[in-house]
Amino acid sequence: MFPALLLTAGSATAQRAPEPQGKQVSIPFVTHGGVRTFEASRDGDGVYIQNSRRDWYYASFFGRCLDLPNATRIGFTTFGGGSSLERGDTILAGRERCRIASIVASGPPPKKIKKAKKPPRS
């Protein structure tokens, strides 16, 4: 008898962004003054948004949003002109349009690390 030849194909897995932690949510009334403040993530991959009720959310993008870390204001384009910000909607930062991959409830953004002051020269 001939030994059986067993061929197995390894499954190829595409690289993708890590799944967001938490349940997908929408942020209501963003087009009606419902956003209190925002803070970009350090790498431009997402943005922390605080609504008028002081709840924090984290919106991640399909790609980097390079203008966002330097933006002093942002705009929103919602699907169909609705007032809630949801997955697939767009954040406008400078001249860039950043498409939202996910929105989850979040805590406040991490504290920025302050640089130590240089001692005065004598």
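Would you mind stating whether residue 36 is at pLDDT 80 or above and within 12 Å of the chain's Cα centre (by Cα)?
Working: at pLDDT 80 or above: yes; within 12 Å of the chain's Cα centre (by Cα): no.
Here the answer is no, as residue 36 does not meet what is asked.
Residues of the stretch 71-109 being polar (S, T, N, Q) and either farther than 23 Å from residue 54 by Cβ or surrounded by 13 or more Cβ atoms within 10 Å (Cβ to Cβ) (or both), which ones? I'd like the intermediate steps shown before the answer.
To start, the set of residues in the stretch 71-109 that are polar (S, T, N, Q) comprises 72, 77-78, 83-84, 90, 102, 106.
Of everything in the stretch 71-109, those that are polar (S, T, N, Q) and either farther than 23 Å from residue 54 by Cβ or surrounded by 13 or more Cβ atoms within 10 Å (Cβ to Cβ) (or both) turn out to be 77, 78, 83, 84, 90, 102, 106.
Within the stretch 30-57, track down each residue that is in a strand (DSSP E or B), among the β-branched types (Val, Ile, Thr) and closer than 14 Å to residue 90 by Cα. If you could, list the steps in order and put the result at the bottom.
Within the stretch 30-57, the first condition is being in a strand (DSSP E or B), and the residues that meet it are 35-40, 46-51, 56-57.
Now narrow it down to the ones that are among the β-branched types (Val, Ile, Thr): 35, 37, 47, 49.
Result: 47, 49.
Taking the residues in the stretch 58-111 that are of a type in the set (A, V, I, L, M), under 13 Å from the mean Cα position of the chain (by Cα) and not in a strand (DSSP E or B) as candidates, determine which candidate is nearest to residue 39 (Cα to Cα).
68
The values are calculated or read from the model by the stated rules, or taken from the named source; none is laboratory data. Since the structure is predicted, the reported quantities are computational estimates derived from the model, not experimental observations. All Cβ positions, glycine included, derive from the backbone under ideal geometry; neighbour counts span all protein chains shown.
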